[in-house]
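The values are calculated or read from the model by the stated rules, or taken from the named source; none is laboratory data. Treat the numbers as computed from the prediction; the structure is a model and nothing was measured. All Cβ positions, even for glycine, are placed from backbone atoms using ideal geometry, and neighbour counts span all protein chains on display. In case anyone asks, the SASA skips ligands and DNA or RNA and just uses the protein heavy atoms, side chains included. Shrake-Rupley method; radii C 1.70, N 1.55, O 1.52, S 1.80 Å.
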Protein chains: 2
Amino acid sequence: MLGKLTGWEDTIVALATPPGVGAIGVIRVSGPLSIRLVAGLFPGKDLEQQDSHTLHVGVLKEGEEALDEVVVSLFRAPRSYTGEHVVEISCHGSAFVLERVIGAILRCGARLAKAGEFTQRAFLNGKMDLAQAEAVADLIASQTAAAARTALHTVRGGFSRALRDLRERLISFSALIELELDFSQEDVEFADRTQLYHLIDEASLTTGALLQSFRLGNVIRNGVAVAIVGKPNAGKSTLLNTLLNEDRAIVSEIAGTTRDTIEETLNIDGILFRLIDTAGIRQHTADVIEQIGVGRSLEKMEQADVVLYIFDVGEAMSEIVAVREGLMAKGKAFLLVGNKVDAVAVGTVHGGDDRVATVAQVRFPEEVLISAKEGKGIDVLKQRLVDLVLKGEAADGTMVTNARHYEALRKVDESLRTIRTGLDELLPGDLLSLDIRHCLHYLGEITGEITSEDRLDYIFSKFCIGK
Amino acid sequence: MLGKLTGWEDTIVALATPPGVGAIGVIRVSGPLSIRLVAGLFPGKDLEQQDSHTLHVGVLKEGEEALDEVVVSLFRAPRSYTGEHVVEISCHGSAFVLERVIGAILRCGARLAKAGEFTQRAFLNGKMDLAQAEAVADLIASQTAAAARTALHTVRGGFSRALRDLRERLISFSALIELELDFSQEDVEFADRTQLYHLIDEASLTTGALLQSFRLGNVIRNGVAVAIVGKPNAGKSTLLNTLLNEDRAIVSEIAGTTRDTIEETLNIDGILFRLIDTAGIRQHTADVIEQIGVGRSLEKMEQADVVLYIFDVGEAMSEIVAVREGLMAKGKAFLLVGNKVDAVAVGTVHGGDDRVATVAQVRFPEEVLISAKEGKGIDVLKQRLVDLVLKGEAADGTMVTNARHYEALRKVDESLRTIRTGLDELLPGDLLSLDIRHCLHYLGEITGEITSEDRLDYIFSKFCIGK
């Protein structure tokens, strides 16, 4: 048994894999003395003499008691997740065995890691900024391809690069202002005002794009709320069933998705669509105008990110026009879904049956023609839904998904506007500089450069243990 | 995207860690082409050029789509768990991310591993025998220190060594017999009969010890059933509560142990004691003789591995003697627990109050004196319980815990007796040889040397996926 040495309390240990029975379970140990500590439990080989990024098979022993046959992964500082020496021990996946191994490591002087403490150390050691660290938690919690993609993009530094870009613009601006300050006695306007405006406008554009991406980012993180509305017998429930039935096989492949959730969610191209209070909508019998304009239906539509208005393609044109105008006035994303094309011949440019052609032709940019009953046009409808969600996506995939980042960015945006007003009002350079400092402060809050320790502890406490 | 190549269907993939959300999840890939397959998804570095037992950090990509930032562990054949090339991919612990990575690997031509298939390959490639492979499953399922210890001992080959020993004795015997056959025309008795008897007796001893260890092995694997019996007011429920309360803290440390289970089990020194139908025993009001002799109590005692008979130390000596004789006649392991020592002075060798000294002194080897109320003597009682269980333990920790092994060993034992009878009856050598072949056959069933493919498939199907 190893005695406790000073400094070993800096060695943290936790189970890194989910609890429960599996083939293997991985225990993570981090700290300047982590390799020495585990070496004391691994008599078969001197781990302290081994290279970084190597694997070692052997028996973990506490005194004479064999704890498990394990594979030890060595990561030497700074080439590790936390930036410290890290040892990962791959044990047999028995909760009991894992408890014993963790117990032995604790008895050597390590302590249990707090939630998120490994990632917190990675942040403190400069392995990632706060935005990246938070995205690690998002990545772990991701349930769709889009959410995973966005989080991974941020983990890999995509969002941080956008922020750095913003920061650099602000610093350039600041440099020009300060140059002007230096020459202020000479009453020359060294910094070209046009250039200042240009820099501030560019920064505002970046911030604006990031802020705008939050709507989509949020949608990707939490799913898209979709309200399917329409007159009775327009085919709402048939559409719903067609969508759900086709989707069920895909959704059920995802581990942990419960049947209850499947009933009301659609995963299309990795984006989660949540159908809000569908039962209510299904039973609703009021007329269309009421349905999209007042009362419960309005409420449902307010909650929705997207409205699907489903109608019979045989319906009078004027009604659809009214609905469309109502939806546009609300500023909602929507699709007009003309159902029951199976009941009429679909018109083509080259003619055909003129009477029905005018009925079943697409007349609005938001219109999709389907047959819910026969499953026709469903793929197109799905694609249109996805397009609707993705239309705000930045080309490089950078997206704000975190409400904390959004709030900080809003303050950055506000500061930028204050600076612009200052420029307009010919504010002296030192006051403009102060505003820029505010702006940089809010940016620093996102990346964690100026975040207080308490705040950091709070942010990391939302992580899972072992990360 | 990689095209499918011939032979890639031999590459198997599975999640090796428990499902659910954790910091990391590990995906295991095995097969002759596993490294090449994963290398195709890992563009940052040529994995095929890397050494065995090395770790590689990078981004896993399917085409242009980044799947996750991962750590890849390389194990080259035969220095791996399965004996084939093995790649373990440590991903972010999102069920969704893990599904995507597994999906990408499947699309490259691998297939999902069946339950236990990694271990089955380890067995087929001679990395372990069947007894060891089965102990891997036991180790993963172990819930107590003793169960983990026994399983680990078997995984590490302890049991297999005992079987090898047995096998060598049988082969020596066989060699002597065959030598005799060769010289049979000359009517010399080349093989010394004494030596033959000696070899068979030694083999029987080994088998006997292994068979006997099954009682304990089984107990360690499944827990020890304990019946606490005694007259009303002897202190059964107080003892039960004292035991359970003290134990609760220890048991609750073990992940996955539910509260319901805790109510009725005790973990003492890593051995699980199950209190059978305690409520029934508590409410039982019949007199002692009936309680240990007939009806429901008898049934309970039949189910129990150990009987704790609790009595008031002030009780008449003759009753305890009767109970003790009854228990000995049943051949049950038991302890006589004299309760309420707090109510009397405990006698010592050096005297004291003579009247109570005779009452509260230990009079039987199976006797323990306690005060359930004051918690006195409880530690001694626990130690005695553990001793009772461990008294059959083989010195080197080899134990039969698997019912399949037990059955095969019983057939080995039977064959040995047949051989001995053959020796007694001066059976010709060729017939003795046949009996030995039977015996070796049953031994081979344990280690898997002669087990049929169907049987193997069945055994491994009881494993978890990913092992």
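Structure above, values below:
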| quantity | calculated |
| --- | --- |
| Buried accessible area, chains A and B (both chains, 1.4 Å probe, Å² to nearest 100) | 4200 Å² |
| Size-normalised alpha-carbon gyration radius of region A:60-127, reference 2.2 N^0.38 Å | 1.23 |
| Average Cα contact separation per residue, region B:83-237, under 8 Å, 6 or more apart, as relative contact order % | 15 percent |
| Protection proxy ranking of A:371-382, B:423-434 - average other beta-carbon atoms within 10 Å, highest first | A:371-382, B:423-434 |
| Region B:381-467: equivalent-ellipsoid semi-axes (sqrt of 5 x gyration tensor eigenvalues, Cα, Å) | 31, 25, 8 |
| Region A:426-433 - phi-based ³J(HN,Hα) in whole Hz, Karplus 6.51/-1.76/1.60, Gly and Pro as x | 6, 4, x, x, 5, 6, 4, 4 |
| Amide hydrogen neighbours beyond the local backbone of A:A14, cut-off 5 Å, H modeled | A:R28, A:A113 |
| For A:L390, label point 7 Å along C-beta direction: distances to other copies, nm | 6.4 |
| A:I268 long-range amide H proximity, modeled H, under 5 Å | A:F273 |
| For A:152-165, mean number of other protein chain Cβ atoms within 10 Å | 1 |
| Nonlocal amide H pairs with A:I228, under 5 Å, H built at 1.01 Å | A:I276, A:L308 |
| For region A:12-128, fraction of C-alpha pairs farther apart than 22 Å, in % | 27 percent |
| Calculated from backbone phi, Karplus (6.51, -1.76, 1.60) coupling profile of region B:136-146 in Hz, x at Gly/Pro | 4, 5, 5, 4, 5, 8, 5, 10, 9, 4, 5 |
| Span from the region A:95-159 Cα centroid across to the region B:203-236 one, whole angstrom | 45 Å |
| Pseudo-label separations to other copies for B:A322 - Cα-to-Cβ vector, 7 Å, nm | 9.7 |
| Label geometry 7 Å along the beta-carbon vector: B:L434 inter-copy distances in nm | 10.9 |
| Mean Cα-pair separation over length for region A:28-127, i.e. relative contact order, pairs under 8 Å, 6 or more apart, % | 26 percent |
| Under Karplus coefficients 6.51, -1.76 and 1.60, residue-wise ³J(HN,Hα) of region B:364-380 in Hz, glycine/proline x | 10, x, 8, 8, 10, 9, 9, 10, 4, 5, 9, x, 7, x, 5, 4, 5 |
| Solvent-accessible heavy-atom area per residue, rounded to whole Å², over region B:12-128 at 1.4 Å | 32 Å² |
| Number of partner chain Cβ atoms within 10 Å, mean per residue of B:134-145 | 4 |
